[in-house]
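A.B. asks: My structure is below; once you've seen it, I'll send some questions.
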Amino acid sequence: MIQHFIGIDPGLTGGIAVLDSEGAVVRLERFDRKDLCDVLFEVFNSLGTATAHVAMERVHAMPGQGVCSMFTFGAGYGKIQGWLTAKCIDFELYTPQAWQRPLPLSSSPKERVKKWALKNHTSLPFIFAGCRIMHQGCMDAAAIADYHRCILHELIDVPRKKVARKKLVEMKF
């Protein structure tokens, strides 16, 4: 059975990437002010009967970000999760710190993703018609999909959360 690994980088300049079981790019779509549900529908409809393993970046508001922009971003983030849930598609959420951990070291997170993309793929799939530079949202989405693929194929170890253990106190009655 054909397996695809789908990574989603939410946001207006985000994107969606579909990788095959070997990690090769099958399809990239950028959101860039398109209707998110239309993009999701097109991508998932093109997969046919293939099994899809979906992963998305877990995001949250940061201090100093504008209220209006964060509300708009959150609405889009919820729209993606709602669409996946309505279609009964299971998905995993990964923090940027988690999915960027195995990437090559560099001066900034964006440079780490770019180094990974150039190492594992050519720059061509990430440069869309009419553009001169690689699309950051699609590179992030591809890296998220590849991280999820590596976890499911047990190619990388996932750090386990530390469980806080309380010291048992002997109670006397």
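No value in this document is a laboratory result; all are computed from the given coordinates. What you see is a predicted model; the values in this text were computed from it and never measured. Cβ coordinates were reconstructed from backbone atoms using ideal geometry, including for glycine residues, and neighbour counts include every protein chain displayed.
A.B. asks: Quick one: in the chain, what % of C-alpha pairs are over 19 Å apart?
C.D. replies: The proportion of pairs with Cα distances above 19 Å equals 59 percent.
A.B. asks: Give me E22, E42, E57 ranked fewest to most by other Cβ atoms within 10 Å of their Cβ, as a rough exposure proxy.
C.D. replies: The fewest-first ordering by Cβ neighbours comes to E22, E42, E57.
A.B. asks: Using DSSP, restrict attention to beta bridges with both residues in segment 3-152 and report what percent are antiparallel, rounded to the nearest 5.
C.D. replies: The antiparallel proportion sits near 50 percent.
A.B. asks: Okay, moving on. For L93, what charge total do you get from the other residues with a beta carbon under 13 Å from its beta carbon, if Lys and Arg give +1 and Asp and Glu give -1?
C.D. replies: -3
A.B. asks: Order by neighbour count: I144, I156, fewest other Cβ atoms within 10 Å first, most last.
C.D. replies: Final ranking by Cβ density, sparse to dense: I156, I144.
A.B. asks: Sticking with this one: Can you sort S108, S123 from fewest to most other Cβ atoms within 10 Å of each residue's own Cβ?
C.D. replies: Ordered by Cβ neighbours within 10 Å, fewest first: S108, S123.
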